[in-house]
1. Thr61 label point, 7 Å along Cα→Cβ, cut-off 11 Å on backbone N: hits in segment 1-37?
2. In cubic angstrom, how much convex hull volume per residue do the alpha carbon atoms of the chain span?
3. Once you put a point 7 Å from the Cα of Asp4 and another 7 Å from the Cα of Asn103, both along the Cβ direction, what distance in nm separates them?
4. Note the full-extension length gain between Leu33 and Thr75 as 0.36 nm times their separation in residues minus their Cα-Cα distance, in nm to one decimal.
5. Can you list residues from other chains, or at least 5 along the same chain, whose modelled amide H is less than 5 Å from the amide H of Ile80?
Amino acid sequence: MPQDTIIQGETYDISVQIKDADGDPVVIDGTWLVACRFTLQALGGPTVVEPTMIIAAGVATCSIDTGDAPWLPTTYFYDIRLTDPAGNDYWTDPVTLVLRTRNTPAS
């Protein structure tokens, strides 16, 4: 499972593009549905947030500000489901996101 590690408070960007069996890009447009869900403990665990993904130029994207509630230093899990106009679902590989505590100098 891929893992990303960032400091709490940083922006986390997600970008998804589908490729066919030959490795060629599949154009996603407004007729597709995209859903992302961050959970605790494991995929299928308690849902933390479901960010809105934007589809533009054939790619689904979102930016998450991990300084906002409910983000805390811990490990999160997410995957993305894309649904084509015919109702077929496609899932990304699951990803682990580790948020580390920000180290601030003593004043």
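1. Backbone N within reach: 13-16.
2. 120
3. Reported label-point gap for Asp4 and Asn103 is 2.3 nm.
4. Using 0.36 nm per residue and subtracting the Cα-Cα distance, I get 12.5 nm.
5. Amide H neighbours of Ile80: Thr92.
Rule-based calculations on the coordinates, nothing more; no lab input. If you're wondering where the values come from, they're calculated on a predicted model, not measured in any experiment. Reconstructed Cβ throughout: ideal geometry from the backbone, glycine too, with neighbour counts over all protein chains shown.
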